[in-house]
Each structure stands twice: as structure tokens, then as C-alpha cells.
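Single-structure report; data block below.
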Amino acid sequence: MKLLCISCMKREEVTASTVVEWFYRPPEGGKDEPIYEYRKTNHEFPSRFSGRLQWNGSKDMQDVSITVLNVTLNDSGIYTCNITREFEFEIHRPLFTSSRLIHLTVVEEAGEDFTSVISEIMMYILLVFLTLWLLIEMVYCYRKVSKAEEAAQESATDYLAIPSENKENCAVPVEE
């Protein structure tokens, strides 16, 4: 579980020394206990997290996150990330601090319950039904188009079968 802590207060052209401190407080309350610190090197304090914390920050110290390995239900609580930066200018050395709170609630992994199984079965039934409906619609449309084409051909045939008038029985007399 990555506990994300981002601090964008450092510029590349300005050197700075950075100290990162991580604390943990149980959900019931109590005192913050130090669990991890970075001062040029990583240092893990003896705690319930011993051997399970890993530095996951960046080299430029913009990302100062840590990862909790093998998370358990007891890892729920409030995590605090304190960042202290001292910028090294020629004239003065300003000190900036920032703090981030992370509320973590760990729950048991959800198993497949009856509702999800029923939902999955219904999904497959609906998929089969929709496929059959689409097939029936395609056959219906094909038959409708075929009948329309047959009717068009019959009317064309009827039109061609109409006898033309005989030229000898013209209604209009021709004068010379």
C-alpha cells in the first residue's frame, strides 16, 4: 500500500536539504508514533511496521512517499507526512515545512457473495436473449426486404406486359 505524499517546493537550480518524517496514530486516537525518517538516508523506527516499510520517493524529493508491505487490518489509522526543507541561498537559508494527513482504513478482502453470483448469471442470460433477439430481427428484416423486391419485380413485369396500341387504328388522322 503506497502512502502518497507529494511536496513540490524544490526547484532544480536551488539546492536544499530535505527531512521527511512519517508518523502513525491508531484510529482510536492517541499519540503519533514515529515510524520512518529520511535525512539523506532512510531510517525505519522500531514499531508495529518493522521490516514492512519501504521508501517509495523520488530522487528529487518531490515525491516522499512510503510503501507499507503486507498490509493488515491493524494498519488502519492516520499517517502523517512531515516535510522540512531548508533552501541554501547565498544570503539566507529559508526553512519551509508542510504536513500531509492520510486516513487509511483497511478492510477484509471481499469474497464472492450471493448477489454477485446472481448478477453474473443474469448478465449471461441477458446476453443470450439479446443475441437471439438480434437474430430474429435480422431474419424478419431480410424477409420484409425480399417481399418488397418481389413486389417491385411483379409490378415491373405487369408494366412490361401491357400491349401497346396498334398503329393502324390511330385516333388522330394523318393529313398529307
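The values are calculated or read from the model by the stated rules, or taken from the named source; none is laboratory data. The structure presented is a predicted model; accordingly, all values stated were derived computationally and were not measured. Counting neighbours? That spans all protein chains shown, and the Cβs are built from the backbone with ideal geometry, glycine included. Remember, those area values only see protein heavy atoms, side chains included, never the ligands or the DNA or RNA. Shrake-Rupley method; radii C 1.70, N 1.55, O 1.52, S 1.80 Å.
Values computed for the structure shown
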| item | result |
| --- | --- |
| Under 5 Å, built H, 5+ apart or other chain: amide partners of Cys5 | Val64, Ser65, Ile66 |
| Whole-Hz ³J(HN,Hα) from phi, Karplus 6.51 cos²θ - 1.76 cosθ + 1.60, for the stretch 89-98, glycine and proline x | 8, 5, 8, 8, 10, x, 10, 10, 10, 8 |
| Nearest-0.05 FRET efficiency for Asp63 and Met122, computed from C-beta distance (R0 35 Å) | 0.20 |
| In order through the stretch 76-86: 3J(HN,Hα) via Karplus (6.51 cos²θ - 1.76 cosθ + 1.60), integer Hz, x for Gly, Pro | 4, x, 10, 9, 10, 10, 9, 10, 10, 10, 10 |
| The stretch 1-97 - accessible surface per residue (Å², probe 1.4 Å) | 59 |
| Carbon and sulfur %, accessible surface of the stretch 2-101 computed with the full protein complex present, 1.4 Å | 52 |
| Residue-by-residue Karplus 3J(HN,Hα) for the stretch 17-28, coefficients 6.51, -1.76, 1.60, Hz, glycine and proline x | 9, 10, 10, 10, 10, 10, 10, 10, 10, x, x, 6 |
| Full-extension gain in nm, Trp133 to Lys2, via 0.36 nm per residue minus C-alpha separation | 42.4 nm |
| Qualifying GluC sites (Glu not before Pro) for the stretch 12-65 [loop in DSSP, other Cβ within 10 Å: at most 12] | Glu12, Glu13, Glu28 |
